[in-house]
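The values are calculated or read from the model by the stated rules, or taken from the named source; none is laboratory data. Every value quoted in this text rests on a predicted model; they were computed, and no experiment measured them. In this analysis, Cβ positions are derived from the backbone assuming ideal geometry, glycine residues included, and neighbour counts consider all displayed protein chains.
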Amino acid sequence: MPAPNFIVIGAQKCGTEALYRALQQHPDVFMSANKEPSFFAMDGSLPSFRIPTPGYRNRLVPRWDAYLRLFDGAEGCAAIGEASAMYLSRWEPERTAARIRERIPGAKLVALLRQPADRAFSAFHFYRSRDLETADSFEQALAAEPERIRANDFPDIHHRANGFYHAHLSRFLEVFPREQVLVHLHEDWKAEPGRVLQETFRFLGVDEGVRVEVGRFNVTHRDRSRRLRRFLADPRRRERWPASKLPGRIMAAIERWNRSRPEPMRPETRRDLMRGYRDDILQLGDLLDRDLSHWLAEGSGPS
């Protein structure tokens, strides 16, 4: 039974969904159908943090035998992988890295990183649109975060803490050789996805000349009406609605109308976040040997 030989370790809301779907299209790459089994963030049983929904629980794969079954059918593929963004979060990165090293010492790791304040803001809106974030504003969520961490709430909504990439990535580089870790920036992925994919294919040892379609997924948005979004997402309620007989294109237009671009992050909120992130960003730049001074500049934009 084949095991994965590479893992997209995150980070959350940095483009891992789009990268995962692009990798799926390569004929020599096998990606698990369950994108985020998060096996290495656990230790043989479900994690101790609060699991928010049955769907979230069902995605988690804590047992090694079940994890390996995710890669049935991967025989003959040069690159076999999965993409669990939790691995590069604040949830036990040291233990996660050690578990991957123990099970798959030759694994290649791929990371996508995004300006951390923008990533946090995007994550807030993403989880709020799925009713997994209960705060009414980004500022309220940040204020609640210390208590959420003390209460062992699920780590996806630790918006500020998940952006300390140097602190988290360095745990992996303590146990993996640098040549086994490939790090891309989100802005490179947005600007030149073809080049980023070519570098990734080369890193994974597959034909870098293969062309694949690149899409955008989980784009940051704000619901004009959360009640309407919940209604449209519930097929049983939609069936009882007379307008449910409308053509699909009109229903899709209603769904699109209900999604609007969030208001920009408050300048004072960004300044507060960046005071905390500054040292970590500078250390990350040294670690990657890359100038990240643009991450320290003013201005933000969800995407």
- line: A careful count of residues in region 57-68 that are surrounded by 12 or more Cβ atoms within 10 Å (Cβ to Cβ) and in contact with a Leu (Cβ under 8 Å, 6 or more places away or on another chain) gives 3
message: Given (1) under 19 Å from the mean Cα position of the chain (by Cα); (2) without any contact (Cβ under 8 Å) to a residue 24 or more places away in the chain, identify the lone condition not met by residue 132.
response: (2)
Test for residue 206: is it closer than 30 Å to residue 55 by Cβ, in a loop (DSSP other than H, G, I, E, B) and β-branched (Val, Ile, Thr): no
- request: Return yes when residue 120 is within 29 Å of residue 291 (Cα to Cα) and in contact (Cβ under 8 Å) with a residue 40 or more places away in the chain and no when it is not.
  value: yes
message: Which numbered condition in (1) over 26 Å from residue 184 (Cα atoms); (2) touching a strand residue (DSSP E or B) at 6+ places or on another chain (Cβ under 7 Å) is the only one that residue 66 fails?
response: (2)
task: Within region 62-96, count every residue that is more than 23 Å from residue 123 (Cα to Cα) and touching a residue at least 12 places away in the same chain (Cβ under 8 Å).
output: 18
- line: If you go through 215, 209, the only one that is within 20 Å of the chain's Cα centre (by Cα) and at pLDDT below 95 is 215
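Here is a yes/no grid of residues against (1) within 17 Å of residue 13 (Cα to Cα); (2) surrounded by fewer than 17 Cβ atoms within 10 Å (Cβ to Cβ); (3) not β-branched (Val, Ile, Thr):
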{"site": "129", "(1), (2), (3)": "yes, no, yes"}
{"site": "134", "(1), (2), (3)": "no, yes, no"}
{"site": "137", "(1), (2), (3)": "no, yes, yes"}
{"site": "140", "(1), (2), (3)": "no, yes, yes"}
{"site": "143", "(1), (2), (3)": "no, yes, yes"}
{"site": "148", "(1), (2), (3)": "no, no, yes"}
{"site": "152", "(1), (2), (3)": "no, yes, yes"}
{"site": "155", "(1), (2), (3)": "yes, no, yes"}
Qualifying residues in region 262-303 (those that are at pLDDT below 95 and more than 19 Å from residue 187 (Cα to Cα)) - the one surrounded by the fewest Cβ atoms within 10 Å (Cβ to Cβ): 263
task: Would you mind telling me which numbered condition in (1) loosely packed, with under 15 Cβ neighbours inside 10 Å; (2) in contact (Cβ under 8 Å) with a residue 12 or more places away in the chain residue 51 fails?
output: (1)
